[in-house]
Amino acid sequence: MSKKSEMNQAQTLNKKKMAFPNTWIIIAAMVAIVAILTWIVPPGAYDYESIDVNGTMRNVAIDGSYHRIDPAEANPTGFLGVFSALYSGCVSAADIIFVILCCSGTFGVMVKTGAFHAGIGSVVGKFGKKSLIMVPVLMIAFGVGGSAFGMLSEFYGFYPLIVGLGIALGYDAMFGFAIIALGEYIGFMGATLNPYTVAVAQSVSGVPLYSGTPFRVVCFFVFIAIAAIYLIRYGMKIQKDPTKSVVYGRPCIHSFSSDDLSQYKVDGKVVLVLLDLLVTLVVLMLGLMKWSWGYKELCGLFIIMSIFAAAVYRWNPNEYVDVFVSCARNVLWGAMLAGLAKGIMVVMTDGQIIDTIIYSLAGLLKHLPPSISAQVMLVVQTLVNFPVNSGSGQAVVMMPIMAPLADTLDLSRQVACLAFQFGDGLSNLLWPTGGIVIVCGLADIPYQTWLKWFMPLFGILFVAQMVLLEVAVLIGF
């Protein structure tokens, strides 16, 4: 096939992909819909009490305390407010936006040194045609972090690496992105010892802490197996025909071509930079898990890492700044998209409709037969994760309501906790109010492209969740 024919084919495919709405249009439409709801849904709130949950003071909803609020106390979003949501969201998500810009800038510097090319080239040379073996291995590794320790942001630094590795192995950016995104978030969903979901939900519900772990371990491996098979099939498909890639014809800032890799060799400078990266990631994970670090320390650590790498290759300060700014500029719109998505939450909070939505969804469960109540509880938890996109936050809001409701539905509270962790975990990969928009920005993957690729898998995993919940009910979990 001639180059002209290949270009025409890529242009034709891109035109077809343009039929799917741009991410900005999708999220802007959500902002507009939520703004309309602030005028329709009556404002309301639960009463909350501050209690000690496993050594952390949390504001927990009081079951039966929901009440309407005087509309004069709410602030529904008007016409101008819809268009101001970008500003409000960006202000609210300033920390997240800077993380995206900082990660892109610092890892852009690391890539520009050529050390990553040499390191990834060495990995590619060792695995060769056996590269698909890496899929389940890496997914389980990231999954264990999410499942046992609740690690999500701790893996941010790995996204540019794994995305670049996916491309270098002969697949595409989506392949590399899915390895880490599916691994950590499905691990978070199939939580075994997750302190932010399982521990909080069980403590609030009066269930023995970390009871039921063996069954959750089974769930974890079932979900990881489904996702790994789905991803491997995709990888095999695009290896045979690269035009089947959902990102075909779209350049990625983390790309490593085979030709590029062959030009770099591992030497003393490469070893120093890769050690710099390893030490940084280890210190980061320790800081986030043990020293209560946050985005501020993450950004500072990454900047130090990139400065050291530039010094190893004897860059002058101007060269470092130019590369950093250029790479950060590449993800500016993606970073601002995280701000627009945050605007959805700002609009719902201002209108004080979040608790009303939760109260209404919980009410759907009250008169259901036990045979389907667990599955409907899963649906409710999945929907609630749109406005309440924090695992521990959703636990302290929903479980004081769902636990006693489970008693009336003849369900165990353990099953209610399981439905919560399933609903919260899987929808983190779906709703733009959650972390998926952030990691899409880090990986230079358009959110709408991710949805197109992920939705079939979402359906498969959702059915698997329903089946496992039914098994849990049948075995008296």
Practice item. Would you check which residues across the stretch 325-376 are of a type in the set (Gly, Ala, Ser), more than 22 Å from the chain's Cα centre (by Cα) and closer than 23 Å to residue 96 by Cα and list them? Key: 326
**Study point:** Yes/no for residue 203 being of a type in the set (S, T, N, Q), in a helix (DSSP H, G or I) and touching a residue at least 40 places away in the same chain (Cβ under 8 Å)
**Key:** yes
Check your understanding: How about the stretch 345-422: which helices (runs of 4 or more DSSP H) wholly inside it have at least 1 residues that are touching a Phe, Trp or Tyr at 6+ places or on another chain (Cβ under 8 Å) and closer than 22 Å to residue 468 by Cα?
Key -> 370-384, 391-408
Point to revise | Selected residue (criterion: farthest from the chain's Cα centre (by Cα)) from residues of the stretch 390-420 that are closer than 21 Å to residue 46 by Cα and small (Gly, Ala, Ser) | key: 406
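Please specify each residue of the stretch 89-113 satisfying the condition of being small (Gly, Ala, Ser) and surrounded by 20 or more Cβ atoms within 10 Å (Cβ to Cβ).
Passing the criteria: 89, 93, 104, 105, 108.
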Point to revise | Which numbered condition residue 477 fails, given (1) among the aromatic types (Phe, Trp, Tyr); (2) under 23 Å from the mean Cα position of the chain (by Cα); (3) farther than 18 Å from residue 24 by Cα | key: (2)
Exercise for review: Would you please list the contacts, defined by Cβ atoms under 6 Å and residues six or more apart or on different chains, that run from a residue in the stretch 134-159 that is part of a helix (DSSP H, G or I) to a residue that is at pLDDT 85 or above and among the polar types (S, T, N, Q)?
Suggested key: 147/192; 148/192
Review point. Would it be correct to say that residue 171 is modelled with pLDDT of 80 or more, of a type in the set (Ser, Thr, Tyr), buried (at least 22 other Cβ atoms within 10 Å of the Cβ) and assigned to a helix (DSSP H, G or I)?
Key: no
Practice item. Answer yes or no as to whether residue 180 is closer than 27 Å to residue 449 by Cα, part of a helix (DSSP H, G or I) and over 17 Å from the mean Cα position of the chain (by Cα). Key: no
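Matching residues to (1) modelled with pLDDT under 90; (2) buried (at least 16 other Cβ atoms within 10 Å of the Cβ); (3) in a helix (DSSP H, G or I):
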position	(1), (2), (3)
287	yes, yes, yes
292	yes, no, no
301	no, yes, yes
306	no, yes, yes
320	no, yes, yes
325	no, no, yes
335	yes, yes, yes
340	yes, yes, yes
Check your understanding: Restricting the stretch 53-76 to residues that are of a type in the set (A, V, I, L, M) and within 31 Å of the chain's Cα centre (by Cα), which is farthest from residue 203 (Cα to Cα)?
Key -> 74
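The values are calculated or read from the model by the stated rules, or taken from the named source; none is laboratory data. Keep in mind that this is a model prediction, so the values were computed, not measured. When we count neighbours, we look across all protein chains shown, and the Cβ atoms used for this are built from the backbone with ideal geometry, even at glycine.
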